[in-house]
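The values are calculated or read from the model by the stated rules, or taken from the named source; none is laboratory data. It should be emphasised that the depicted structure is a prediction, and the values quoted were computed from it without experimental measurement. Note: ideal-geometry Cβ built from the backbone for every residue, glycine included; neighbour counts use all protein chains shown.
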Amino acid sequence: MAKGINRLSAKAVEAAKIPGYYMDGGGLFMRVSENGGKRWLFRYTLPGQPRREMGLGAAGAGGVSLKIAREKAQDAREMVQRGLDPIQEIKRQADEERQAREIEAKAASFGAYVGDYLKAKLPQYRNAKHRYQWRQSLETYAAPIWDKKLESITRDDILALLQPIWDEKHITATRFRGRLERVFDHAIQNRAFRGDNPARWSLFNATLSSPRKQEGRGPLAAMPRSRLPEFIKALRERQKTSMGALALEFTILGANRSGEVRLARWGEIDLDLELWNIPGERMKVKMRNGRTYVHSVILTRRMIEILQIAYSRQCAMRGITKLEPDALIFQSNTEGKELSDMTLRAVMRRMGVGQYTVHGFRSTFRDWAGSDTDFARELAEEALAHTLPDVERSYRREQAIKKRRLMMEAWEAFCEGRGTQFEGNVTVLNARV
């Protein structure tokens, strides 16, 4: 063994009492202080820098043994030979280990990791509805694995989440799976999850039916119009406590898309003219020249009653007497938050008609107008905000309002089961209409 290294012995380390430095060689020293304390030190010099000392821990009984001190010194010497500063390098390694522990702590459960992921990712989406749907779908459909350790989640866990909703809520389930895949991609890249992504589509394409585009899969399930009066009557029983039930009836009576109703604001209501004017930027359909247009919805007697109920309920809930024009008409229990499409669908599921969709009531209205009345096709199309040629739309708008009002009052009468009766395929309207 070389004379310049490993000079000390274990007995010598224990016996040392005189204050000073005891050299083991190769830059390793033991320092004995005035009070008898012992510590291991490693001395080194990097090119162009002054000599430095790095502590390796306490020496002697109960401290770092001579063998371990020599191993630490050898590691430090190798760093110096590579041009690295051992003090900085060990600090860097400690920081990496700390960060890894933090990531592991955050990823202790799937829910904890999703919470951090959403905080980082959701602000990137400018659409408030999109942000809400991201959070809502994960919190709702991933609830069974919310408290499960992230790294233990498998393909079978994801399949168990998807199978119950894959056929019944196919579009929602497809989007949910895609969001899960992105969460696990993020976890893999941040070393919070090891292995292949358990939510990627290639793991399910032989088990689940292929994703379908909404276009081309037929009309959304519509309630038969013969069931509508009974359903409306039952729906009103739920409106004493449910804002979702109010919004659903308002949607049906106006033949609107649910998103138009859920995002409606008080400033859009014109009670003098009994119209609800939806801004063009919120309309799904644009004119053929690319411009948007304000869609005017007829407010019937019952729709105005619903507005009055919603207004009073909001004021009472917030302890105020007046609402701002930009306040949402139909709010969730969380102040200022819009209702979700799931809220309206949940009302229908609880009423035992979950096989139908909210959007399907537009088809019910169209079937009623086309099959049971003599109202012009164009009036029904305008009520649904379907695209008409630009010139025809501009020319017809003013004169169509009065005619559409007659149609929507007749539709309300039919929904309430009053003033109409079936005679073959023709609806006989009451005298007022």
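Does at least one position in the range 127-137 carry a residue that is under 30 Å from Leu150 (Cβ atoms), in a helix (DSSP H, G or I), assigned by TED's automatic domain parsing to the domain that holds Tyr22 and not charged (D, E, K, R)?
Scanning the range 127-137 turns up no residue that is under 30 Å from Leu150 (Cβ atoms), in a helix (DSSP H, G or I), assigned by TED's automatic domain parsing to the domain that holds Tyr22 and not charged (D, E, K, R).
Determine the pairs where a residue that is within 15 Å of Arg70 (Cα to Cα), located within the range 47-59, has a partner that is among the β-branched types (Val, Ile, Thr) with Cβ atoms under 7 Å apart, the partner being 6 or more residues away or on another chain.
Taking only residues 6 or more apart or on different chains, the pairs are Met54/Ile87; Leu56/Val64; Gly57/Val64; Ala58/Val64; Ala59/Val13.
What number of residues within the range 137-183 satisfy the criterion of being under 18 Å from Ala346 (Cβ atoms) and among the polar types (S, T, N, Q)?
Of the residues in that region, 3 qualify.
Hey, could you check the range 273-290 for residues that are more than 20 Å from Gly259 (Cβ to Cβ) and loosely packed, with under 14 Cβ neighbours inside 10 Å and say which is modelled with the lowest pLDDT?
Arg288
Mind checking whether some residue in the range 45-55 is of a type in the set (Asp, Glu) and either part of a loop (DSSP other than H, G, I, E, B) or modelled with pLDDT of 90 or more (or both)?
Scanning the range 45-55 turns up at least one residue that is of a type in the set (Asp, Glu) and either part of a loop (DSSP other than H, G, I, E, B) or modelled with pLDDT of 90 or more (or both).
Can you confirm whether Leu273 is assigned by TED's automatic domain parsing to the domain that holds Leu406, out of contact with any Ser or Thr (no Cβ under 6 Å at 6 or more places or on another chain) and part of a helix (DSSP H, G or I)?
Here the answer is no, as Leu273 does not meet what is asked.
Residue by residue through the range 298-335, note down the ones that are polar (S, T, N, Q) and part of a strand (DSSP E or B).
Gln331
Please go through the range 41-51 and pick out each residue that is over 15 Å from Gln81 (Cβ atoms), surrounded by fewer than 14 Cβ atoms within 10 Å (Cβ to Cβ) and either touching a Lys or Arg at 6+ places or on another chain (Cβ under 8 Å) or not assigned by TED's automatic domain parsing to the domain that holds Gly20 (or both).
Passing the criteria: only Arg51.
Report every pair of residues separated by at least 6 positions or lying on different chains whose Cβ atoms are under 6 Å apart, first residue within the range 412-425 and surrounded by 12 or more Cβ atoms within 10 Å (Cβ to Cβ), second at pLDDT below 80 and among the polar types (S, T, N, Q).
Ala413/Thr420; Phe414/Thr420; Gly419/Asn430; Thr420/Thr427
Consider only pairs whose beta carbons are under 8 Å apart and that are at least six residues apart or on different chains; among these, list those whose first residue lies in the range 65-82 and is closer than 14 Å to Thr45 by Cβ and whose second residue is part of a helix (DSSP H, G or I).
Ala76/Pro86; Met79/Pro86; Met79/Glu89; Val80/Pro86
Could we say that Arg349 is among the basic types (Lys, Arg), part of a helix (DSSP H, G or I) and surrounded by 15 or more Cβ atoms within 10 Å (Cβ to Cβ) here?
Criteria not met by Arg349.
Conditions first: (1) in a helix (DSSP H, G or I); (2) of a type outside the set (Lys, Arg); (3) closer than 30 Å to Leu253 by Cα. Phe176 passes all but one, so which condition is the exception?
Evaluating Phe176 over (1) in a helix (DSSP H, G or I); (2) of a type outside the set (Lys, Arg); (3) closer than 30 Å to Leu253 by Cα leaves (3) as the failure.
Among the residues that make up the range 322-329, is at least one of them at pLDDT below 95 and more than 27 Å from Arg131 (Cβ to Cβ)?
There is at least one residue in the range 322-329 that is at pLDDT below 95 and more than 27 Å from Arg131 (Cβ to Cβ).
Conditions: (1) farther than 21 Å from Gly354 by Cα; (2) of a type in the set (Ser, Thr, Tyr); (3) modelled with pLDDT of 90 or more; (4) in contact with a helix residue (DSSP H, G or I) (Cβ under 9 Å, 6 or more places away or on another chain). Thr154 meets all but one. Number of the miss?
Checking Thr154 against (1) farther than 21 Å from Gly354 by Cα; (2) of a type in the set (Ser, Thr, Tyr); (3) modelled with pLDDT of 90 or more; (4) in contact with a helix residue (DSSP H, G or I) (Cβ under 9 Å, 6 or more places away or on another chain), the one that fails is (4).
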